[in-house]
Amino acid sequence: MSDKIIEVKNLSKSFGDFEAVKDVSFTVYKGDVFGFLGPNGAGKSTTIRCMLSLIKADRGTINIFGQSLHEHRHDILARTGSIIEKPDFYKYLSALTNLEIFSRISGKPSTKKEIYAMLDFVGLSGREKDKVGGFSHGMKQRLGIAQTLLHNPDLIILDEPTTGLDPQGIIDIRNLILQLRSEKNKTVLLSSHNLSEIEIISNRMVIINKGRSIVEGSVSELLNSEELIVTLEVDNAISAQNITTKHFPKAQIASTEGQVLHLTISKTDVANLNKTLIENGVSVSSIESKRKLEDYFIKIINN
């Protein structure tokens, strides 16, 4: 396994009587685009603020780059870039001037050539001298990513970077995040409440809910389970259940409701199940399937 970039263990943080983070643990490895997934209010932003030393955790440990955040805060933050919620800029100044200012503030000033290259990387070439006040939300997000790269950090932390974007803006930010890993060799932690977004661009993930870590692992392994939750709409649910039980003994019948049958079955058996039901006189009007983790996550959101 690659080097550990982030290691969070048993993190907890309360605000008065409200325990926002109760027991969060996860590990991010070098080269990951790591999905930090959970419904709104799960504790994602609080955890990230603890990781960036914006607030102090009550309990638990945070190690980044193999160092304790408590003991090596300055060194760690010097190697970390982040966007929390939305980036803020001086709207009456140009994109170039904004980045020049933030570059000087970072303590590691970039040359004008480097800033132009950064603007080109995020797709803002030709808009360098335009005032940021005239930028769309998506353009500001891309400028924010350029800002995070000014001091050439090894770790990028993005908190809900696609919120409020139109479909094209979402695609642009997704592509940028993938380029951060493939072209810039960055490790990225991406916070989101959207399972499909994490599936598209992350290689590893953790789900948190109500301040607790629920499950962590490879996105491909977690989302490509051999078992699917299948809903069949048929003309005779009882007959469909009996036929399924006879021919597919490993299938697990969840329930029958009128003309609807719910079951868990191997994804390789779904087509055969449809064929078998039809051959045995059951008319199938629709089949819907979803992965077990997807169903689990929906239940978390709806809690």
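The values are calculated or read from the model by the stated rules, or taken from the named source; none is laboratory data. Computed from a predicted structure; not experimentally measured. We place every Cβ from the backbone using ideal geometry, glycine too, and count neighbours over all the protein chains shown.
Given 301, 287, 265, 253, which one is surrounded by 13 or more Cβ atoms within 10 Å (Cβ to Cβ), under 34 Å from the mean Cα position of the chain (by Cα), modelled with pLDDT under 85 and not basic (Lys, Arg)?
The match here is 301.
Every residue in region 73-114 that is in contact (Cβ under 8 Å) with a residue 60 or more places away in the chain and among the β-branched types (Val, Ile, Thr), please.
Once the filter is applied, which keeps residues that are in contact (Cβ under 8 Å) with a residue 60 or more places away in the chain and among the β-branched types (Val, Ile, Thr), region 73-114 yields 80, 83, 84.
Out of the residues in region 172-199 that are assigned to a helix (DSSP H, G or I) and among the polar types (S, T, N, Q), which is farthest from residue 143 (Cα to Cα)?
Among residues in region 172-199 that are assigned to a helix (DSSP H, G or I) and among the polar types (S, T, N, Q), the one farthest from residue 143 (Cα to Cα) is 196.
Consider residue 236 against the criteria (1) loosely packed, with under 14 Cβ neighbours inside 10 Å; (2) more than 30 Å from residue 190 (Cβ to Cβ); (3) in contact (Cβ under 8 Å) with a residue 40 or more places away in the chain: it satisfies all of them except one. Which criterion is unmet?
(1) is the only condition that residue 236 fails.
Please work out which residue is surrounded by the fewest Cβ atoms within 10 Å (Cβ to Cβ), limiting yourself to region 135-171 and to residues that are assigned to a loop (DSSP other than H, G, I, E, B) and β-branched (Val, Ile, Thr).
Among those that are assigned to a loop (DSSP other than H, G, I, E, B) and β-branched (Val, Ile, Thr), it is 163.
Please enumerate the residues belonging to region 1-21 that are crowded, with 18+ Cβ neighbours inside 10 Å and not polar (S, T, N, Q).
5, 6, 8, 11, 13, 20, 21
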